[in-house]
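Working notes for the structure below.
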Amino acid sequence: MQAKLAQRPAEREHQQHHGGRKNQRLPERHRFVDAFRVVNQETDQYTWWSNRGRAWEKNVGWRIDYHIITPALADRVRRVGIYQARRSSGHAPLMIDYDLELSSKPWQRAAS
């Protein structure tokens with residue numbers, strides 16, 4: 001039974017990369033990108049902590065918030081962060097800055 005419970009190195013790396021949660025891989029056939037990970041590959045980056053066991057203090061949580069983007073937007077990600085300055089619940093918002101020019105009328109193309 002112990003042999004079945006042993007993690008392969010790739011699974012261990014995936015779980016560390018995704019806050020210890022399983023089944024958070026983006027569908028490879030669609031080639032979507034986790035915008036947060038474009039800029040920040042550090043471990044222990046969470047957006048939710050349980051109210052039990054002093055999870056916030058110990059920084060034991062899950063990253064449950066994502067910006068899922070197409071590969072074409074990946075080079076537009078500039079800064080990412082998790083807002084932890086104020087705690088109002090077990091949740092902290094994910095912040096991402098993109099280098100994009102927004103139009104007030106997105107359905108109209110800019111004149112060339």
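Read the figures in this text as sums done on the coordinates, not as results from a lab. All values reported here derive from a predicted model rather than from experimental measurement. Note that we place each Cβ from the backbone using ideal geometry, even for glycine, and neighbour counts take in every protein chain shown.
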(request) Extending each Cα 7 Å along its Cβ direction at Glu101 and Ser88, get the distance between those two points in nm, one decimal. (result) 3.5
(request) Enumerate the calculated ³J(HN,Hα) couplings along the range 49-57 in order (Karplus 6.51 cos²θ - 1.76 cosθ + 1.60, θ = phi - 60°), each rounded to whole Hz, writing x wherever the residue is Gly or Pro. (result) 9, 5, 7, 9, x, 6, 4, 4, 4
(request) Could you point to the residue in Val33, Ser104, Gln84 farthest towards the positive end of the range 30-112's charge dipole, with +1 and -1 charges on the Cβ of Lys/Arg and Asp/Glu respectively? (result) Gln84
